[in-house]
Amino acid sequence: VGFSSMLIGVGVGTVVGSLAGFIGGWVDNTLMRVVDVMLSLPLLFVILVASRFFGNGNVVLIVVIFGFFSWMGVSRLVRSLFLSLREQEFVEAARAVGVGDRRIIFKHILPNAVSPIVVVASLLIAANIISEAFVSFLGFGINPIYPTWGNILTNALTFIPQGNWWWPFFPGMMIILTVLAVNFIGDGLRDALDPRSRA
């Protein structure tokens, strides 16, 4: 759930941010106003409602819902990167020799923006893992017949009064360890993909 929803969020956010940052003008203003509207929504409440009425316990629909509500931060980051990189000398040089916009975006600008995007992607995975566990814990997420960490924590509540502390402890600890591991992987990929670290 975390990885798949991250792919949707990063994909949509990268497309929206790159269009806004590269084209600019009214396209930029329109797309950023859409982002502002999305960010003004109480996202946790909206995700709970959407999961309840549209997700209906279906894993694929839950993934789509989480992906749909997680692209705004990515789009703002990508927009700022494109606004900065499109003014760099290597982009101006590419334009001067007649390179088309599509090649400039995919061959010159986007590879230089990969490192921050990877870091944000790792943060999105971690955030969506926690959000899915929270939503499922409240009973609005994935169908209870599937053993997600949120569903396991919900079932563990019945054993806490009996003194069986390990029922909620281990799934909760696995959530923490997984989120930490994903964040460390993101930091490592950022260092590996950053061209300045190899200079």
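The values are calculated or read from the model by the stated rules, or taken from the named source; none is laboratory data. From a predicted model like this one, the values you see are computed outputs, not experimental measurements. Positions of Cβ are generated from backbone atoms using ideal geometry, with glycine treated the same way; all protein chains shown enter the neighbour counts. Remember, those area values only see protein heavy atoms, side chains included, never the ligands or the DNA or RNA. Shrake-Rupley method; radii C 1.70, N 1.55, O 1.52, S 1.80 Å.
The rows are residues; the columns are (1) surrounded by fewer than 21 Cβ atoms within 10 Å (Cβ to Cβ); (2) modelled with pLDDT of 85 or more; (3) in contact with a strand residue (DSSP E or B) (Cβ under 8 Å, 6 or more places away or on another chain); (4) not in a helix (DSSP H, G or I).
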residue: 20; (1), (2), (3), (4): no, yes, no, no
residue: 36; (1), (2), (3), (4): yes, yes, no, no
residue: 54; (1), (2), (3), (4): yes, no, no, no
residue: 66; (1), (2), (3), (4): no, yes, no, no
Among helices (runs of 4 or more DSSP H) entirely within the range 84-185, at least 2 residues that are over 19 Å from residue 57 (Cβ atoms) and not small (Gly, Ala, Ser) occur in 89-96, 110-137
Could you check, for the range 31-38, whether at least one of its residues is without any contact (Cβ under 8 Å) to a residue 40 or more places away in the chain and touching a helix residue (DSSP H, G or I) at 6+ places or on another chain (Cβ under 6 Å)? yes
Out of (1) open to solvent by 20 Å² or more (accessible area, probe 1.4 Å); (2) in contact (Cβ under 8 Å) with a residue 60 or more places away in the chain; (3) in contact with a helix residue (DSSP H, G or I) (Cβ under 8 Å, 6 or more places away or on another chain), the odd one out for residue 78 is which? (1)
So in the range 120-149, with the set limited to residues that are at pLDDT 85 or above and open to solvent by 30 Å² or more (accessible area, probe 1.4 Å), which one is farthest from residue 51 (Cα to Cα)? 120
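Out of the residues in the range 150-168 that are among the polar types (S, T, N, Q) and within 25 Å of residue 180 (Cα to Cα), state the one that is most open to solvent (accessible area, probe 1.4 Å).
Top of the filtered list is 155.
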Being over 17 Å from the mean Cα position of the chain (by Cα), exposed (fewer than 11 other Cβ atoms within 10 Å of the Cβ), without any contact (Cβ under 8 Å) to a residue 60 or more places away in the chain and within 28 Å of residue 4 (Cβ to Cβ), is that true of even one residue in the range 94-106? yes
Could you tell me how many of the residues in the range 1-18 are β-branched (Val, Ile, Thr), modelled with pLDDT of 90 or more and either touching a Gly at 6+ places or on another chain (Cβ under 7 Å) or open to solvent by 50 Å² or more (accessible area, probe 1.4 Å) (or both)? 3
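Tell me, which residue of the range 68-83 that is of a type in the set (A, V, I, L, M, F, W, C) and in a helix (DSSP H, G or I) is nearest to the chain's Cα centre (by Cα)?
Restricting attention to the range 68-83, the residues satisfying the condition of being of a type in the set (A, V, I, L, M, F, W, C) are 68-69, 71-72, 74, 77-78, 81-83.
Now drop any that are not in a helix (DSSP H, G or I), which leaves 68, 72, 74, 77-78, 81-83.
Working: 68: 9, 72: 9, 74: 7, 77: 12, 78: 13, 81: 17, 82: 19, 83: 21 Å.
If we take residues in the range 68-83 being of a type in the set (A, V, I, L, M, F, W, C) and in a helix (DSSP H, G or I), then 74 is nearest to the chain's Cα centre (by Cα).
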Looking at the range 38-47 only, could you name the residues that are surrounded by fewer than 19 Cβ atoms within 10 Å (Cβ to Cβ) and either in a helix (DSSP H, G or I) or touching a Phe, Trp or Tyr at 6+ places or on another chain (Cβ under 7 Å) (or both)? 38, 39, 40, 43, 44, 45, 46
Would you mind stating whether residue 73 is buried (at least 20 other Cβ atoms within 10 Å of the Cβ) and modelled with pLDDT of 85 or more? no
Tabulated pairs, the range 44-62, first under 14 Å from residue 137 (Cα atoms), second open to solvent by 80 Å² or more (accessible area, probe 1.4 Å), C-beta under 7 angstrom, 6+ apart or interchain: none
Just to be sure I understand the filter: pairs with C-beta atoms under 6 Å, separated by 6 or more residues or on different chains, first member in the range 129-147 and under 16 Å from residue 174 (Cβ atoms), second member open to solvent by 70 Å² or more (accessible area, probe 1.4 Å). Which pairs pass? 133/149
